[in-house]
Amino acid sequence: MMTKSMRILLVSLISAVPCAMALAQGMPAPVVVIADAEMRQLAPSVDLPGTVVSRFDSRLASELSAKLVWIAEVGTIVKEGDTVARLEDFTFKLLEMEAQARVEREQARVKFLRSEKSRLDELAKKNLSAKSQFDQVVSDLAIAESEEAMARVQLGLAQISMHVTQIRAPFDGLVTERLRNIGERLNISDQVIRIVNPKTLEIVARAPLNTVNFISAGAVLRLHNDFKKDEASVRTIVPFGNPQSHMFEVRLDVNPERWTVGESVRLSMPTAVAKQVLAVPRDALILRRDGASVFRLNDDMKVERINVITGLGDGIYIEVMGELKAGDRVITRGAERLNTGDTVAL
């Protein structure tokens with residue numbers, strides 16, 4: 001029966017055979033990739049879910065009760081102020097015409113009374129008119145001017161109604177959804193169309209309250225999903241914890257060239273204060289039954305296995321403790337079959 005220790009020894013001998021045979025046969029030394037061990041600021045972190053959203057995402061509603069006669073197609077690119085839907089406007093045109101006629105009528109009346117007031121004022125200077133008649137005209141003029149102002153207000157309201165029969169884009173964006181169809185009767189506040197600006201993106205995430213003290217506006221956090229990795233800066237923190245979930249909201253600016261509205265992401269949120277430690281890339285770690293180690297490359301292009309104890313992990317880096325120092329070159333690719341004393345090439 002082969003014991004456990006014998007099996008481990010056999011595996012080690014087998015793994016060393018390729019390098020030994022290569023040297024014996026004069027074959028080229030294995031090519032490896034290296035990186036420097038370095039002092040870095042690391043902090044423990046937790047991955048949290050987030051969602052990519054647009055800062056400008058609006059469902060536009062009708063401000064009138066009218067029939068929908070036209071609406072932009074989904075996918076239409078619009079500029080601020082462009083018409084994206086139109087309501088039937090016959091009734092509102094008539095109301096505007098009526099209000100305009102009322103204004104003109106009141107203007108004519110005011111013009112006449114002003115002329116009459118001037119005429120009576122001249123006659124009064126010559127004692128040819130009664131003061132009561134002059135006072136009556138002054139009173140009528142004041143009433144007429146007030147009614148003209150009210151008519152102008154009514155005209156303004158009618159013009160506003162005509163203006164809002166066309167629903168306009170409040171910002172540059174893309175039509176992403178038609179919420180009503182042509183021919184439907186709309187009531188005030190009925191949602192009609194959705195517009196999203198795909199160029200002003202951010203990530204919304206909720207983090208545990210115990211992490212709020214370890215981030216600040218402008219901090220850069222790592223994020224990823226199944227398809228890509230990136231970094232994003234914290235735009236704002238909403239320092240208000242939900243008493244039920246004990247979570248607070250974080251918003252991060254992201255590159256619209258890389259992300260799309262609605263994508264799910266994971267972001268790394270620090271859970272403690274970062275500290276200065278000696279770190280190496282995670283790919284440098286060799287995990288065997290006897291513990292973790294790294295291979296250090298010496299000046300003579302020979303490798304030396306160094307046992308280490310791992311500590312904090314943060315992204316692609318991990319803290320190591322052992323006979324390493326900042327500036328040591330460690331192998332990150334091609335170390336699986338190496339042993340102390342092997343010669344390698346870069």
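The values are calculated or read from the model by the stated rules, or taken from the named source; none is laboratory data. Remember, it's a predicted structure, so these values are computed and weren't measured experimentally. With ideal geometry, Cβ positions are generated from the backbone for all residues, glycine too; neighbour counts draw on all protein chains shown.
Scanning the stretch 55-81 for residues that are acidic (Asp, Glu) and under 24 Å from the mean Cα position of the chain (by Cα) turns up 57, 80. Tell me, please, whether a residue that is farther than 30 Å from residue 73 by Cβ, hydrophobic (A, V, I, L, M, F, W, C) and either in a helix (DSSP H, G or I) or within 53 Å of the chain's Cα centre (by Cα) (or both) can be found in the stretch 114-121. Yes, that holds for at least one residue.
Within the stretch 243-276, the residues that satisfy the criterion of being under 10 Å from the mean Cα position of the chain (by Cα), in a strand (DSSP E or B) and either surrounded by 17 or more Cβ atoms within 10 Å (Cβ to Cβ) or not acidic (Asp, Glu) (or both) are 251, 252. Please specify each residue of the stretch 243-254 satisfying the condition of being touching a residue at least 12 places away in the same chain (Cβ under 8 Å) and out of contact with any Ser or Thr (no Cβ under 6 Å at 6 or more places or on another chain). Residues satisfying the conditions are 245, 246, 247, 248, 249, 250, 252, 254. Scan the stretch 157-178 and tell me whether some residue there is in a loop (DSSP other than H, G, I, E, B) and under 15 Å from residue 66 (Cβ atoms). There is at least one residue in the stretch 157-178 that is in a loop (DSSP other than H, G, I, E, B) and under 15 Å from residue 66 (Cβ atoms).
The residues of the stretch 314-329 that are in contact (Cβ under 8 Å) with a residue 40 or more places away in the chain and farther than 21 Å from residue 290 by Cα, listed by number, are 314, 315, 317, 325, 326, 327, 328, 329. Please state which one of 120, 128, 64 is outside the structural domain of residue 248 (by TED's automatic domain parsing), modelled with pLDDT under 85 and buried (at least 17 other Cβ atoms within 10 Å of the Cβ). On inspection, the qualifying residue turns out to be 120. The condition (being within 25 Å of residue 87 (Cβ to Cβ) and surrounded by 14 or more Cβ atoms within 10 Å (Cβ to Cβ)) is satisfied by just one residue among 153, 164, 137: 164. For the stretch 38-49, does any single residue satisfy the condition of being at pLDDT below 85 and part of a loop (DSSP other than H, G, I, E, B)? Yes, some residue in the stretch 38-49 is at pLDDT below 85 and part of a loop (DSSP other than H, G, I, E, B). Residues of the stretch 302-343 that are of a type in the set (A, V, I, L, M) and modelled with pLDDT of 85 or more: 303, 306, 308, 309, 318, 320, 321, 324, 326, 330, 331. One residue stands out among those in the stretch 323-346 that are surrounded by 14 or more Cβ atoms within 10 Å (Cβ to Cβ) and not in a loop (DSSP other than H, G, I, E, B): the one that is farthest from the chain's Cα centre (by Cα), which is 343.
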